[in-house]
Amino acid sequence: MKPNYNAMSSAALMHQRSSTSKWKTLLRYPLMLVGSVLFLALILFVAAGPYLVPNDPLLIQMSERLRPASWEYPLGTDHLGRCIFSRLASGAQMTLSLAGIVITATIFIGVPIGLLTGYVGGRLDTFIMRVVDGVGALPEIIVAIAVSGFLGPSITNLLIAIIAVKWIEYVRLVRSIILLEREKEYMEAARAAGFGTWHMIRRQLLPHIVSPVIVLASLDIGKIILIVSSLSYLGLGAQPPTPEWGAMLNDGRPYFQTIPQLMIYPGLCIMIVVMSCNLIGDGLRQLLDVRNK
């Protein structure tokens, strides 16, 4: 049997056109590309960090304190003689790891609760939404500071404090989508066909929340990094000598007027990460919004 070369060439042409269309779609959002490149560069920097770190980030050498940039110390040393570049690289791993843990935990907590309350409704919905309204009545950073201060300064308590304030956004988002979708005709048809609650949630409702949750998570990563750095700056997060960007800001505060780079370097790292996450989130919001297509 001879192969159908016309069908094969047609399929290859369609695949090529599809790939070209995807690239054209991405080029419509240049800021998203910039944010993606910056974030990818940071991920590569974190992945290659152990091989790029020239010195021990925890090694204290008082004889090398406050040294300027050199081949041995690419960004100089801090007030305890520790390599700033090495601490920034190690701090990137710490900060991004904490942000990843928080965003994963909040999704796994907030999304199921939002699905359940939005679909089931009744007293369960009323009770959970009163809890959500109570927690969300104050700014996130205030509640996070209060919870972290009550539990005590540590990385574990820092994670608990941030998760305690971030999950409510996902509950509200998912619940609002479910309330709009559960009364539509296709849901009525599925109920008439005899499908159960688990099937309705998994097959009918879950696909509608994937894109909004992805957009919210991409925007939340920058906010979480800011909260992590803020609490560490206040002494409620990572404790010395752990290399973390917020803690490095706090360490360099007494020397800001004389040696400002001790605060400038970690501050720039935080700014670049937050900016890249916001650019990616804004691009995804426009890319996945049906109204823009």
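Put +1 on the Cβ of each Lys and Arg and -1 on the Cβ of each Asp and Glu in the chain; which of 165, 257, 239 then has its Cα farthest toward the positive end of the dipole?
165
Can you show me the helix-derived [θ] at 222 nm for the chain, built from DSSP H runs with n ≥ 4 at -39,500 (n - 2.57) apiece and divided by the number of residues, rounded to the nearest 500.
Working: 11 runs with 207 residues, N = 293.
The per-residue figure over the chain is -24000 deg cm²/dmol.
What are the membrane-span-like helices in the chain by this rule: whole DSSP H runs, Cα extent along the axis at least 27 Å, mean Kyte-Doolittle hydropathy at least -1.0? Don't jump to the answer; show the numbers that get you there.
Numbers: long enough: 5-27 (33 Å, -0.41); 84-120 (53 Å, 1.49); 155-181 (39 Å, 1.47); 206-233 (39 Å, 1.61); 261-288 (40 Å, 1.30).
For the chain, where a helix must reach 27 Å along its axis and average at least -1.0, the hits are 5-27, 84-120, 155-181, 206-233, 261-288.
With labels modelled as points extended 7 Å from the Cα through the Cβ direction, what inter-label distance (nm, one decimal) is found for residue 135 paired with residue 51?
For residue 135 paired with residue 51, the spin-label model returns 4.1 nm.
With the other protein chains left in place, how much accessible area per residue, in square angstrom, belongs to the stretch 131-203 at a 1.4 angstrom probe? Before the final figure, lay out each step's value.
On the way: 3890 Å² over 73 residues.
Here the per-residue accessible area is 53 Å².
Any idea what the relative contact order of the stretch 173-264 is, in percent, if you count C-alpha pairs under 8 Å spaced at least 6 apart?
Numbers: 55 pairs, mean separation 15.3, N = 92.
Value for the stretch 173-264: 17 percent.
Please work out how much accessible surface residue 66 shows to a 1.4 Å probe, ignoring ligands, DNA and RNA, in Å² rounded to 10.
That residue has around 50 Å² of solvent-accessible surface.
Which order do 258, 117 take by accessible area at a 1.4 Å probe, largest first? Spell out each step's value before the answer.
On the way: 258 110, 117 0 Å².
Order by accessible area, largest first: 258, 117.
Sequence gap at least 6, Cα distance under 8 Å: using those rules, report the relative contact order of the stretch 22-163 to the nearest whole percent. It would help to have the intermediate numbers written out before the result.
Numbers: 106 pairs, mean separation 20.4, N = 142.
Relative contact order of the stretch 22-163: 14 percent.
How much length is gained if the chain between residue 176 and residue 126 is pulled fully straight, taking 0.36 nm per residue apart and subtracting their Cα-Cα distance, in nm to one decimal? All intermediate terms of the calculation are to be shown ahead of the outcome.
Details: separation 50, 0.36 × 50 = 18.00 nm, distance 1.37 nm.
The residue 176-residue 126 span can extend by a further 16.6 nm.
With a 1.4 Å probe and all protein chains in place, put 170, 51 in order of accessible area, largest first. The partial results should precede the final answer.
Details: 170 0, 51 195 Å².
Accessible-area ranking of 170, 51, largest first: 51, 170.
Taking 8 Å as the Cα distance limit and 6 or more residues as the minimum spacing, I'd like the relative contact order of the chain as a percentage.
23
Suppose R0 equals 35 Å; then what is the FRET efficiency for residue 58 and residue 33 from their Cβ-Cβ distance, rounded to the nearest 0.05? Kindly include the intermediate steps, with their values, before the conclusion.
Numbers: r = 37 Å, r/R0 = 1.06.
So, using R0 = 35 Å, E works out to roughly 0.40.
Using a 7 Å offset from the Cα along the Cα-to-Cβ direction at both residue 69 and residue 142, what is the distance between the two label points in nm, to one decimal?
4.2
Between (i) 23; (ii) 43; (iii) 47, which entry matches percent of Cα pairs over 32 Å apart as derived from the coordinates of this structure?
(ii)
Quick one: pull the percent of accessible area on the stretch 96-292 belonging to carbon and sulfur, 1.4 Å probe, ligands and nucleic acids left out. The partial results should precede the final answer.
Details: 6460 of 9630 Å².
That share works out to 67 percent.
As I understand it, the dipole of the stretch 130-221 uses +1 on the Cβ of Lys and Arg and -1 on the Cβ of Asp and Glu, about the Cα centre. Which of 155, 201, 214 lies farthest toward its positive end?
The one lying farthest along the dipole's positive direction is 201.
With +1 on the Cβ of every Lys and Arg and -1 on the Cβ of every Asp and Glu, and nothing else charged, how large is the dipole of the stretch 96-292 about its Cα centre, in debye rounded to the nearest 20?
Working: 14 positive and 13 negative charges, 69 e Å.
I would put it at about 340 debye.
Using a 1.4 angstrom probe with every protein chain in place, what is the largest-first accessible-area order of 169, 244, 185? Don't skip to the answer; put the middle values down first.
Working: 169 40, 244 0, 185 160 Å².
Greatest to least solvent exposure: 185, 169, 244.
The values are calculated or read from the model by the stated rules, or taken from the named source; none is laboratory data. All figures in this text were calculated on a predicted structure; none of them were measured in a lab. Neighbour counts are summed over all protein chains in view; Cβ atoms, including those assigned to glycine, are modelled from backbone coordinates with ideal geometry. Note: areas computed on protein heavy atoms with side chains; ligands, DNA, RNA excluded. Shrake-Rupley method; radii C 1.70, N 1.55, O 1.52, S 1.80 Å.
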